[in-house]
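Colleague: Quick one: structure below, then a few questions.
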Amino acid sequence: MTNYANVDVWIQNASVPGEEGSRDILIGGGKVLAILNDAEKPAASDVNGDALKVYDAQGKLATPGLIDMHVHLREPGFEHKETIESGARSAAQGGFTTIACMPNTKPVTDNPETVKLVLDKAKEANLVNVLPYAAITKNEQGQELTDFEALKAAGAIGFTDDGVGVQNAQMMKDAMTRAAAIDMPVIAHCEDDSLVKGLYVSEGSFSKKHGIKGIPNESEAIHVGRDVLLAEATGAHYHVCHVSTEQSVRLIRLAKSVGVRVTAEICPHHLVLSDEDIPGMDTNWKMNPPLRTPRDVAACIEALEDGTIDIIVTDHAPHSAEEKAKGMELAPFGIVGFETAFPLLYTEFVKTGRWTLDFLVRRMTQDPARVFGLESGKLEVGAVADIAIIDLELEQAVDPETFATKGRNTPFTGRKLSGWPVMTLVAGRAVYGADLAQPVNA
């Protein structure tokens, strides 16, 4: 029998996507040392390590830690909505081990000092991996490019003015040219301001029923079409935020077919909800992009399945109860998403048989790592031990009061879901739910 020295964590009796039978995962020094099947499982006397922790997963699923490349942590400037610490804790509760935060903070993350502040706060929180984006333009005002080179050196992983679209085509082309020169992605919030000003729901059945002028699909697709042409001209890696329309899907599919370097993401709520589901003037259903028509939802699901859309993100966007109480017209856009993302999609698509479990896990782990060139997203020997343990049998109703995020703004309250994360490890260290995973030897 092999002697496994220097093991810190021993996860026993886990199931792994795509594999028959249970697996034991041995972790040491923050990395996966071995993944063993039933026939290979060592005796306790063969596993040695200082302060060894043993967790019995009892057949629960072990996956690579989930990756979310589009989140809002609100700090600096909006700590009443969220902090980097509370957001990271919420991410861990949702099974996420790596998250990428948007720069629409106050001040905007448009300078190296603010990038450093975000990284320092994340290090202080010591929970999940936090990757900061930097703004494309100063103060996200679309008038002057930021210092891309300095921001990359400070630790930014890409450039985006998320929250607003870059309205000027020459500005966006210049941004892509600069980003391509230093091999950095441009991540675009696609929205033509001239078509959305003062509007707050999509153009569809809900807007017609309530006599409200709606946000048209082309407000998103116009920017997608413009930007894929600019990406083709500059050679930049262009990534489309929160795709929500059938027109955008068509344009991205065409761009990919002719070799444009374009990738795209989608949120769980745009896969499971349409404007026909909105129950009334409830601001927990107000988000940007807004919920679209059932036709758009069907097109987006198909696009995720065929690879036109590459990855799933949450667009986690916490707001205070007071802000969301201002009514549909005045309340801010956005819903929280960390804690509900996996169970929502598992329940809606895997339990119903439309997707395999492996497909869902891949779109939330391997694929975001591939798109953004990350080392994470793998559960294999030698990989960093970022791992989520998920109880696929656990069914419970969504209760915002149990969330770790400061935000309670979700349209899914009361919805019964299965597949809840119960433990999250970052570099082998439990950052959520060690008690729920029933440690055998703490």
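The values are calculated or read from the model by the stated rules, or taken from the named source; none is laboratory data. Keep in mind that what you see is a predicted model, and the values were worked out from it rather than measured. Backbone-built Cβ (ideal geometry, glycine too); neighbour counts: all protein chains shown. What goes into the accessible areas is simple: the full protein's heavy atoms, side chains included, and nothing from ligands, DNA or RNA. Shrake-Rupley method; radii C 1.70, N 1.55, O 1.52, S 1.80 Å.
Colleague: Under 5 Å between amide hydrogens, which residues at least 5 positions from residue 53 or on another chain qualify, with H placed 1.01 Å from N in the peptide plane?
Modeller: For residue 53, the qualifying residues are 9, 10.
Colleague: Give me the Debye-computed log₁₀ of I(q)/I(0) at q = 0.22, 0.28 Å⁻¹ for the range 165-215, equal point scatterers on Cα only, no solvent, two decimals.
Modeller: -0.78, -1.01
Colleague: Consider just the alpha-carbon atoms of the range 1-104 and return their Rg together with their Dmax, both in angstrom.
Modeller: Rg and Dmax of the range 1-104, Cα atoms, are 17.8, 56 Å.
Colleague: For Cα extents along the principal axes in Å, one of (i) 69, 47, 43; (ii) 78, 47, 43; (iii) 64, 47, 47 was computed from the structure I shared and the rest are decoys. Which label?
Modeller: Answer label, from the structure shown: (i).
Colleague: Can you give the local net charge around residue 70? Use residues other than it whose beta-carbon is closer than 10 angstrom to its beta-carbon, Lys and Arg +1, Asp and Glu -1.
Modeller: -4
Colleague: Please compute, for the alpha-carbon atoms of the range 270-404, the extent along each of the three principal axes and give them in descending order in Å.
Modeller: Computed over the range 270-404, the largest-to-smallest principal extents equal 51, 34, 32 Å.
Colleague: Note the full-extension length gain between residue 229 and residue 282 as 0.36 nm times their separation in residues minus their Cα-Cα distance, in nm to one decimal.
Modeller: 15.3 nm
Colleague: I need the GluC sites (Glu not before Pro) found in the range 1-74, filtered to DSSP loop residues with at most 16 other beta carbons within 10 Å of theirs.
Modeller: For GluC sites (Glu not before Pro) across the range 1-74 that sit outside H, G, I, E and B with at most 16 neighbouring Cβ atoms in 10 Å, the list reads 19, 20.
Colleague: I'd like the trypsin sites (Lys or Arg not before Pro) in the range 198-276 restricted to DSSP loop residues with at most 13 other Cβ atoms within 10 Å, sorted by number.
Modeller: Those that pass, being in a loop and sparsely packed, are 213.
Colleague: Moving on. State, as an integer percentage, the relative contact order of the range 342-411 based on alpha-carbon contacts under 8 Å between residues 6 or more apart. Don't skip to the answer; put the middle values down first.
Modeller: Numbers: 31 pairs, mean separation 9.0, N = 70.
Averaging sequence separation for qualifying contacts and normalising by length gives 13 percent for the range 342-411.
Colleague: Another question, then. Accessible surface of residue 296 in the full protein assembly, 1.4 angstrom probe, to the nearest 10 Å²?
Modeller: 10 Å²
Colleague: Let me ask something additional. What are the ³J(HN,Hα) couplings of the range 24-32, residue after residue, when phi is run through the Karplus curve with 6.51, -1.76, 1.60 and θ = phi - 60°? Round to Hz, x for glycine and proline.
Modeller: 9, 10, 9, 10, x, x, x, 10, 6
Colleague: How far, in nm, would the chain grow between residue 258 and residue 326 when pulled straight, counting 0.36 nm per residue and subtracting the alpha carbon separation?
Modeller: 19.9 nm
Colleague: So, for the chain, what is the accessible surface per residue at a probe of 1.4 Å, expressed in square angstrom?
Modeller: Accessible area per residue: 38 Å².
Colleague: Here's something else I'd like to know. For the range 119-158, just the Cα set please: Rg and Dmax, both in angstrom.
Modeller: Rg and Dmax of the range 119-158, Cα atoms, are 12.0, 36 Å.
Colleague: What is the angle, in °, between the Cα long axis of helix 84-93 and the longest principal axis of the Cα atoms in the chain? Nearest 10 is fine, range 0 to 90.
Modeller: Orientation of helix 84-93: about 60 degrees from the principal axis.
Colleague: Taking the convex hull of the alpha carbon atoms in the range 287-329, what volume per residue do you get, in Å³?
Modeller: Here the figure is 82 Å³ per residue.
Colleague: Give me the lysines in straight-line cross-link reach of residue 378: C-alpha distance below 17 Å, same-chain residues under 8 apart excluded.
Modeller: The qualifying lysines are 31.
Colleague: Please report how far the C-alpha centroid of the range 90-118 lies from that of the range 299-323, rounded to the nearest whole angstrom.
Modeller: The range 90-118 and the range 299-323 have Cα centres separated by 18 Å.
Colleague: Express the carbon and sulfur contribution to the solvent-accessible surface of the chain as a percent, rounded to the nearest whole number, probe 1.4 angstrom.
Modeller: Values: 8310 of 16940 Å².
Carbon and sulfur atoms account for 49 percent of the accessible area of the chain.
Colleague: Any chance you could give the angle, 0 to 90 degrees and rounded to 10, that helix 218-234 forms with the longest Cα principal axis of the chain?
Modeller: The angle comes out near 70 degrees.
Colleague: Right, something else. Can you give the FRET efficiency to the nearest 0.05 for residue 354 and residue 41, using r as the Cβ-Cβ distance and R₀ = 56 Å?
Modeller: 0.95
Colleague: In whole Hz, what ³J(HN,Hα) sequence does the range 197-207 give by Karplus (6.51, -1.76, 1.60; θ = phi - 60°), x for Gly and Pro?
Modeller: So the Karplus estimates, Gly and Pro as x, are 4, x, 9, 9, 9, 6, 6, x, 5, 5, 5 Hz.
Colleague: Checking the table 209/351; 106/213; 53/116; 60/123; 324/406 against a 24 Å threshold on Cα-Cα, which pairs fail? Provide the component values of the computation, followed by the final result.
Modeller: Values: 209/351 33 Å; 106/213 31 Å; 53/116 34 Å; 60/123 30 Å; 324/406 13 Å.
Check vs 24 Å cut-off fails for 209/351; 106/213; 53/116; 60/123.
Colleague: Also, I was wondering about something else. Report the residue, chosen from 158, 18, 428, that carries the largest GNM mean-square fluctuation when the chain is represented by alpha-carbon nodes joined by springs under 10 Å.
Modeller: Comparing 158, 18, 428 in the GNM, the peak value goes to 18.
Colleague: Restricting to DSSP loop positions (anything but H, G, I, E, B) with no more than 15 other Cβ atoms inside 10 Å of their own Cβ, which GluC sites (Glu not before Pro) remain in the range 88-193?
Modeller: Passing both the DSSP loop test and the Cβ count: 144.
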